[in-house]
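**Q** Below: one structure in structure tokens.
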Amino acid sequence: MKSFEKADVVICGAGSAGVAAAYFLAKRGITDVLIIDKHPPLSQTSAKSGENYRNWWPNNMMARFMNRSIDIMEDLAKSTDNVFNMEQRGYLYVTEKPENKLRDYLHHYSQLDVGAIRIHDDGKNDYAFLDSQSDLDGADILAHPSIVQEFFPHMSTNIQTAVHARRAGSISAQQLGIYLLEEARKLSVRLLKGDVIAVKKDSQGIKAVDLVIDGTQRRIQTRSFINAAGPFAPEVASYLDVELPIFSILQQKIAIQDIHGVIPREAPFTIFMDEQYLDWDEQEKKDLASDEEFQWLLDKFPGGLHIKPEGGKDSPWIKLGWAINRVAEEPLWEPDITPEFPDILLRGAARFIPGLKAYLDKLPKPVVRYAGYYTKTKENMPVIGPMGVDGAYILSALSGFGTMASCAAGELIAAWVAGDELPEYASQLSLERYDSKTSMETGTSLYQNGEL
Ligand SMILES: Cc1cc2nc3c(=O)[nH]c(=O)nc-3n(C[C@H](O)[C@H](O)[C@H](O)COP(=O)(O)OP(=O)(O)OC[C@H]3O[C@@H](n4cnc5c(N)ncnc54)[C@H](O)[C@@H]3O)c2cc1C
């Protein structure tokens, strides 16, 4: 235990963020690093991830930050024989709107560092969707329903347009995290199971971190502390009297077995862009309207319902999610799940993939449920950098993108701690953006804030 009583850097949290921070510090030569977590590594929010990545972001700060993270992941995938199953199948955004209604959206993306936009319409169609593992970026726009049907016949004929963002796909969050942690440990980073209960400062800044291990209180002397506590980052910041502009919103996903083979195994991660009302029959509508507890099921639901095949070619599993919740709450270690969520999801998904109606009456068992927090800022950008006390740093608000961002985020926080040169996006991704007169406009729609 004695060897733990001092460390050059202490990291609170061994989620995707904390282990990436440790890895990139160690790679910079800062190896006297101690990660403290009260749970097993990667077992909290980082175990709930849908495990998708994309460079398709609606502002250049995030697009460049994510491009950097994807560059790092691609290099790691190459050097590790793809130990974390990185697969570039793209994100397929589908809508019942004709392509001409997407002009503003596409014009907006065409100005950003996300790659070129290629339109495929009825007259000219050289689109090839199974171009996985390619180095394509930008997006292919399937601008006619017949093209959507040709390549994605499981989709409703109401789908008019599809936007296939190419520098996107899936990774295993657990495998990536375990790889980074193991490599960091080889470079002598240490991991300790304990509950951080206080952070002490003196006239020079951070002085020590107090934690409880098996009921016994310990103190670690350190001059650098990284708060990577996920949903609990605001609580940990409060130990230093720092208030963070961060809140948590519970989101859920489910996985079921696609026993009728509705979703082709090679399908990309597919997102329904449109808002919708769920499809109830007249009697169901009356019943729901008369019950205060369930009236909300008649409200309009947001765009963003997503679905993908999960596992390899022979796996029967599909994963579905929908960030329908907009209400911030105090995070719990074991969040409650909404019992009716699987039914809501399948009803919504059947709107654009009619074959899923088969599961509405009889849901294949078991239904695997995931519930975790999008811990975020109102503009849906992370906070990575100094935390207001000398030697204190924050690495949080990774919202629904912490798996894909972890490498660039770890690299960035390591540069802040080491006092090295920072990338051009560093200030806008740190708390400094709230001081800046030129700080970014905060988006209100899902497309503006990149939640989709
Ligand atoms: C439903 C869902 C789907 C998602 N899908 C995707 C996706 O497709 N792609 C993507 O990129 N991202 C996705 N995400 C987001 C991603 O999972 C998160 O952004 C990421 O896991 C956050 O990692 P973290 O390390 O910040 O937090 P966490 O994983 O929560 O880690 C924080 C750690 O801090 C520890 N801790 C907290 N307080 C203390 C304390 N006082 N003492 C000791 N330890 C403490 C906790 O035990 C925990 O292990 C999704 C998230 C959810 C909820």
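The values are calculated or read from the model by the stated rules, or taken from the named source; none is laboratory data. The shown structure was predicted, so the numbers you read here are calculated from the model rather than taken from an experiment. Using ideal geometry, Cβ is built from the backbone for each residue, glycine included, and neighbour counts are taken over all protein chains shown.
**Q** Kindly provide the set of residues from region 12-22 that are more than 6 Å from the ligand (Cβ to nearest atom) and farther than 30 Å from Gly138 by Cβ, ordered by number.
**A** Residues of region 12-22 that are more than 6 Å from the ligand (Cβ to nearest atom), as a first pass: 19-22.
Val19, Ala21, Ala22 - these are the residues of region 12-22 that are more than 6 Å from the ligand (Cβ to nearest atom) and farther than 30 Å from Gly138 by Cβ.
**Q** Go through (1) touching a Phe, Trp or Tyr at 6+ places or on another chain (Cβ under 7 Å); (2) modelled with pLDDT of 95 or more; (3) more than 29 Å from Glu424 (Cα to Cα) for His120 and report which single condition fails.
**A** Condition not satisfied by His120: (2).
**Q** Follow-up question, since we're still on this one. Would you say Arg326 is under 18 Å from the mean Cα position of the chain (by Cα) and either part of a strand (DSSP E or B) or assigned by TED's automatic domain parsing to the domain that holds Gln257 (or both)? Steps first, please.
**A** Numbers: under 18 Å from the mean Cα position of the chain (by Cα): yes; either part of a strand (DSSP E or B) or assigned by TED's automatic domain parsing to the domain that holds Gln257 (or both): yes.
Answer is yes for this residue.
**Q** Tell me yes or no: at least one residue of region 178-190 is within 14 Å of the ligand (Cβ to nearest atom), in a strand (DSSP E or B) and not assigned by TED's automatic domain parsing to the domain that holds Phe272.
**A** no
**Q** Still on this model: Can you find even one residue in region 247-265 that is out of contact with any strand residue (DSSP E or B) (no Cβ under 6 Å at 6 or more places or on another chain) and either among the charged types (D, E, K, R) or in a helix (DSSP H, G or I) (or both)?
**A** No, region 247-265 has no match at all.
**Q** Also, I was wondering about something else. Does region 370-389 include one or more residues that are aliphatic (A, V, I, L, M), more than 22 Å from Ser43 (Cα to Cα) and in a strand (DSSP E or B)?
**A** Initial filter on region 370-389 (aliphatic (A, V, I, L, M)): 371, 381, 383-384, 387, 389.
Retained after the next criterion (residues that are more than 22 Å from Ser43 (Cα to Cα)): 381, 387, 389.
From what's left, in a strand (DSSP E or B): none.
No, every residue in region 370-389 fails to be aliphatic (A, V, I, L, M), more than 22 Å from Ser43 (Cα to Cα) and in a strand (DSSP E or B).
**Q** Something else: Which condition breaks for His306 when tested against (1) away from the ligand (no atom under 13 Å from the Cβ); (2) not in a loop (DSSP other than H, G, I, E, B)?
**A** With respect to (1) away from the ligand (no atom under 13 Å from the Cβ); (2) not in a loop (DSSP other than H, G, I, E, B), His306 is out only on (1).
**Q** Name every residue in region 311-341 that is surrounded by fewer than 21 Cβ atoms within 10 Å (Cβ to Cβ) and either among the acidic types (Asp, Glu) or within 12 Å of Ala255 (Cβ to Cβ) (or both), in order of residue number.
**A** Step one: list which residues in region 311-341 are surrounded by fewer than 21 Cβ atoms within 10 Å (Cβ to Cβ), which gives 311-317, 324-330, 332-341.
Matches in region 311-341: Gly311, Asp314, Ser315, Pro316, Trp317, Glu329, Glu330, Glu334, Asp336, Glu340.
**Q** For region 335-377: of the residues being among the charged types (D, E, K, R) and over 22 Å from Leu278 (Cα atoms), which is farthest from the ligand (Cβ to nearest atom)? Even if it seems obvious, please write down each step before you answer.
**A** Narrowing region 335-377 to residues among the charged types (D, E, K, R): 336, 340, 343, 347, 351, 357, 361-362, 365, 369, 376.
Filter once more, keeping what is over 22 Å from Leu278 (Cα atoms): 336, 365, 376.
Working: Asp336: 14, Lys365: 21, Lys376: 9 Å.
This residue is Lys365.
**Q** Being within 23 Å of the chain's Cα centre (by Cα), of a type in the set (Lys, Arg) and more than 16 Å from Ala168 (Cβ to Cβ) narrows it down to one residue among Lys97, Lys78, Lys101; which is it?
**A** Working: Lys97 fails: within 23 Å of the chain's Cα centre (by Cα); Lys101 fails: within 23 Å of the chain's Cα centre (by Cα).
Exactly one of Lys97, Lys78, Lys101 is within 23 Å of the chain's Cα centre (by Cα), of a type in the set (Lys, Arg) and more than 16 Å from Ala168 (Cβ to Cβ), namely Lys78.
**Q** While we're looking at this one, here's another question. Name the single residue that is farthest from the ligand (Cβ to nearest atom) among those in region 32-83 being of a type in the set (S, T, N, Q) and under 13 Å from Ala408 (Cβ atoms).
**A** Narrowing region 32-83 to residues of a type in the set (S, T, N, Q): 43-46, 49, 52, 55, 59-60, 67, 69, 79-80, 82.
Then drop every residue that is not under 13 Å from Ala408 (Cβ atoms), which leaves 55, 67, 69.
Numbers: Asn55: 12, Asn67: 14, Ser69: 9 Å.
The residue in question is Asn67.
**Q** Shifting gears a bit: Can you give me the number of residues within region 309-334 that are out of contact with any Lys or Arg (no Cβ under 9 Å at 6 or more places or on another chain), within 12 Å of the ligand (Cβ to nearest atom) and within 22 Å of Tyr359 (Cβ to Cβ)?
**A** 2
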